[in-house]
């Protein structure tokens with residue numbers, strides 16, 4: 001029985017080789033018939049940054065309970081809409097970013113116009129304003145377009161020691 005299966009296998013193999021050799025695939029030649037060509041390029045765009053148009057302010061409020069930071073800025077002429085801006089507010093400890101404040105990034109609490117400039121008021125949070133602990137905040141304002149981001153303009157604020165005393169804000 002084993003000899004018969006082996007013999008049938010050899011016959012089947014020979015038959016398969018015979019059929020494939022008798023009908024080879026046709027040879028095809030592919031070529032371009034026109035002399036036209038295509039060209040392309042890619043690159044980056046440079047988005048101008050916003051500008052700070054006034055010294056930022058740290059307002060302690062009543063004993064630090066309503067502490068806030070005011071940032072005065074103006075968008076570039078080419079990107080005047082407030083929707084082109086992204087505002088990131090970061091809590092800093094020992095010079096390193098610890099977290100982004102709740103509700104940010106965004107343009108919440110921003111008033112004004114592109115021609116006169118915008119004022120963004122950022123709450124310093126109850127913990128930072130009342131207890132202080134020299135809590136630092138960094139505010140970065142970017143202009144965005146087509147998936148690209150400008151260099152930021154930044155301010156840094158210090159909530160002071162206790163109850164907002166000694167708080168300050170500096171344009172960077």
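The values are calculated or read from the model by the stated rules, or taken from the named source; none is laboratory data. No experiment lies behind these values; they were computed from the predicted model shown. Note that we place each Cβ from the backbone using ideal geometry, even for glycine, and neighbour counts take in every protein chain shown.
So which of 105, 76, 49 is surrounded by 15 or more Cβ atoms within 10 Å (Cβ to Cβ) and modelled with pLDDT under 85?
Every option except 105 fails the conditions.
Go through 41, 31, 20 for me and flag whichever is modelled with pLDDT under 75 and part of a loop (DSSP other than H, G, I, E, B).
After applying the criteria, what remains is 31.
Could you list, in sequence order, the residues of segment 113-138 that are modelled with pLDDT under 90 and part of a loop (DSSP other than H, G, I, E, B)?
124, 125, 132, 133, 134, 135
Out of everything in segment 160-172 that is surrounded by fewer than 17 Cβ atoms within 10 Å (Cβ to Cβ) and more than 11 Å from residue 56 (Cβ to Cβ), what residue ends up being modelled with the lowest pLDDT?
Out of the qualifying residues, it is 162.
Could you tell me whether residue 71 is assigned to a strand (DSSP E or B), under 24 Å from the mean Cα position of the chain (by Cα) and modelled with pLDDT under 90? Give the derivation first.
On the way: assigned to a strand (DSSP E or B): yes; under 24 Å from the mean Cα position of the chain (by Cα): yes; modelled with pLDDT under 90: no.
For residue 71, the condition - assigned to a strand (DSSP E or B), under 24 Å from the mean Cα position of the chain (by Cα) and modelled with pLDDT under 90 - is not met.
Would you check which residues across segment 139-159 are outside any strand (DSSP E or B) and buried (at least 23 other Cβ atoms within 10 Å of the Cβ) and list them?
Initial filter on segment 139-159 (outside any strand (DSSP E or B)): 146-147, 150-152, 159.
Residue satisfying the conditions is 159 alone.
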